[in-house]
1. Within segment 256-274, can one find any residue that is buried (at least 16 other Cβ atoms within 10 Å of the Cβ), in contact with a strand residue (DSSP E or B) (Cβ under 6 Å, 6 or more places away or on another chain), free of Cβ contacts under 8 Å to residues at least 60 places away in the same chain and among the aromatic types (Phe, Trp, Tyr)?
2. Pairs, please: C-beta under 6 Å, at least 6 apart or cross-chain, first residue under 18 Å from Phe224 (Cβ atoms) and in segment 298-314, second of a type in the set (Gly, Ala, Ser) and part of a helix (DSSP H, G or I)?
3. Taking Ile322 as the residue in question, decide whether it is at pLDDT 95 or above and not in a loop (DSSP other than H, G, I, E, B).
4. How about segment 358-408: which strands (runs of 3 or more DSSP E) wholly inside it have at least 2 residues that are crowded, with 24+ Cβ neighbours inside 10 Å?
5. List pairs: first in segment 147-166 and touching a residue at least 12 places away in the same chain (Cβ under 8 Å) and farther than 14 Å from Asp81 by Cα, second β-branched (Val, Ile, Thr) and within 16 Å of the ligand (Cβ to nearest atom), Cβ under 9 Å, 6+ apart or cross-chain?
6. Filter segment 306-337 down to the residues that are among the aliphatic types (A, V, I, L, M) and touching a helix residue (DSSP H, G or I) at 6+ places or on another chain (Cβ under 6 Å), then identify the one that is surrounded by the fewest Cβ atoms within 10 Å (Cβ to Cβ).
7. Do we find that Met124 is in contact (Cβ under 8 Å) with a residue 12 or more places away in the chain and either surrounded by fewer than 24 Cβ atoms within 10 Å (Cβ to Cβ) or more than 16 Å from the ligand (Cβ to nearest atom) (or both) in this structure?
8. Taking the options Gly164, Gly135, Gly130, name whichever one is buried (at least 24 other Cβ atoms within 10 Å of the Cβ), in a helix (DSSP H, G or I) and within 14 Å of the chain's Cα centre (by Cα).
Amino acid sequence: MLRYSLPLILSVTALAQSPDALMHDPAVQAAFAAAERNEPQILNEQVRVCEIPAPPFKEEARGHEFMRLFQELGLKEVRMDKAGNVIGVRPGAKPRPNLVFSAHLDTVFPEGTNVKVTREGTQMKAPGIGDDCRGLAVMLAVIRALNDAHVQTPGTITFVADTGEEGLGDLRGMKQLFGETLKGQIDSFISVDGIGLGITHIGVGSLRYRVMFKGPGGHSYGAFGMANPIQAMGRAMAKIDDFQVPTTPKTTFNVGRVGGGTSVNAIPFEAWMEVDMRSADKASLAALNEKFKTAMNEAVTEENKRWNNRGAVSVAPELVGIRPAGETAKDSHIVQTAIAVSKALGIAEVLREGSTDSNVPMNLGIPAITISGGGQGSGVHSLGETFDSKDSVQGTKRAILLAVALAR
Ligand SMILES: [Zn+2]
């Protein structure tokens, strides 16, 4: 079989083409054909990488496998940064614009979780098989398809398998990438996360606190009259419960865990609670944060006043999680391109809000969206997570067309 050895450079007219027209460019058609051919192998890769455990803060093993894969796929400047992000560059005709195309390495599952994948027909079952082994597989599929079709994009694509997307990972991979590793070198950003065909353009921000209330503590009868950390915390919770928040943009709060005290007949020496606050709007989240801090101080002041400062209680709210809020406007180039690319492939437009890696660039005003990687499934973040690969190649093709459309 005769193979192309010359790159299929996207024609100059392709620079101005709509995604629909771009889809019919011979270079893109060749990449689509490669994606169709490769999808079975890509699904095998999805299974294989998913069986390499990647618990929170322990993504190195899976990260090293991506170093190897990026090298094998011919990416340049393959490296791992301080936060464990694995980076590989696919140079375009020019270094800019530079599109970062990413998927997250980490899962929510602790060390020791059985990550063996079971497969039956198009069905796969394993923790993390969709979130985000599908995204990681799609990233590999994009590189492979562009390579197989010898596509040279006008701009550069930097692929990143990143860390710290889930839970208390606190987006540390993204914070490192945008704050230091590739600071000032990213023109647009796509993250592929999970299953389905959605487009996330609103980044819900969150603040998480662990709040500690402390006092001297004593006998419930003998030391009666001493301020009580649990009762102070009760006052604080009542204030939180009364917060008025906007419904648009949706802004929320929740006391999720509490603890403290040693005995029914002891005034406790400490109590704690964990609080989560969210909003898609930076200003609303900041306003809620101010209300929260004021409420904590007022609760303690009231408790101490109630008991005439006989053994005072103190409060210390510790910020244990910050996910910045942000939004890429619906009429922005990147969102409109994602919609047009989806339409060209017959995919209905589903715009969403969520908390993903894109929160970080969105907050910095860098054009960013998170797309789903195709296929279907259920049980995200549960041990019974499933992935159905029926029509999953649609997700792969959309990712390819979007990458080509943005890397120019
Ligand atoms: Zn995810």
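The values are calculated or read from the model by the stated rules, or taken from the named source; none is laboratory data. All values derive from a computational prediction rather than experimental measurement. Here the Cβ is made from the backbone with ideal geometry for all residues, glycine too, and neighbour counts use every protein chain on show.
1. no
2. Qualifying pairs under 6 Å: Glu303/Ala232; Val313/Ala232.
3. no
4. Of the strands (runs of 3 or more DSSP E) lying wholly inside segment 358-408, those with at least 2 residues that are crowded, with 24+ Cβ neighbours inside 10 Å span 368-371.
5. Correct list of pairs: Glu165/Thr356; Glu166/Thr107; Glu166/Val108.
6. Restricting to residues being among the aliphatic types (A, V, I, L, M) and touching a helix residue (DSSP H, G or I) at 6+ places or on another chain (Cβ under 6 Å), the top hit is Ala312.
7. Criteria met by Met124.
8. The match here is Gly135.
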